[in-house]
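To keep things clear, I will list the structure first and then write my remarks on it.
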Amino acid sequence: MANPFIHVELKTNNSERAKKFYSQLFDWQWEYMPAMKYTMINAGKGVVGGMWQDKKNLSMWMPYVLVDDIALSTQKAKKLRGKIIKEVTEIPGMGWMSVVADPSGAVIGLWKPAPKGKKAKK
């Protein structure tokens, strides 16, 4: 399948409550990354997503789709009457992400991983 879903992210207003709920529901494991203030989610087959806390807003899940060219895909979404919510942003050592909304307002993340062992390019 071209452009598969590759990562899911939980933005939550209570990370401890969310961790307890999903650990008991699915037996997920968690790895906190203090430098990023981000928690990786391991669902038994490796990392499948992440979680970060935002106490001021509603909790929500957001899926990310794998793209070959993050800049091109982000601009293409805009040309197709989508809205850029977050411009292309580098996650050092990991890759690049952007967030777009489709014309109906549904939000999705785009993800371009950094190449393993090579100097990263967008």
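Couple of notes before you dig in:
- Some residue of segment 25-44 being hydrophobic (A, V, I, L, M, F, W, C), touching a Pro at 6+ places or on another chain (Cβ under 8 Å) and surrounded by 11 or more Cβ atoms within 10 Å (Cβ to Cβ): no
- When H7 is tested against (1) surrounded by fewer than 16 Cβ atoms within 10 Å (Cβ to Cβ); (2) within 27 Å of S73 (Cβ to Cβ), exactly one condition is not met: (1).
- Cβ pairs under 7 Å, 6+ apart, first in segment 69-94 and in a helix (DSSP H, G or I), second exposed (fewer than 14 other Cβ atoms within 10 Å of the Cβ): I70/K122; A71/K122
- Within segment 59-101, considering residues that are closer than 15 Å to F5 by Cα and of a type in the set (S, T, Y), the one surrounded by the fewest Cβ atoms within 10 Å (Cβ to Cβ): S73
Values in this text are rule-based calculations from the coordinates and carry no lab data. Source: prediction; values computed, not measured. Backbone-built Cβ (ideal geometry, glycine too); neighbour counts: all protein chains shown.
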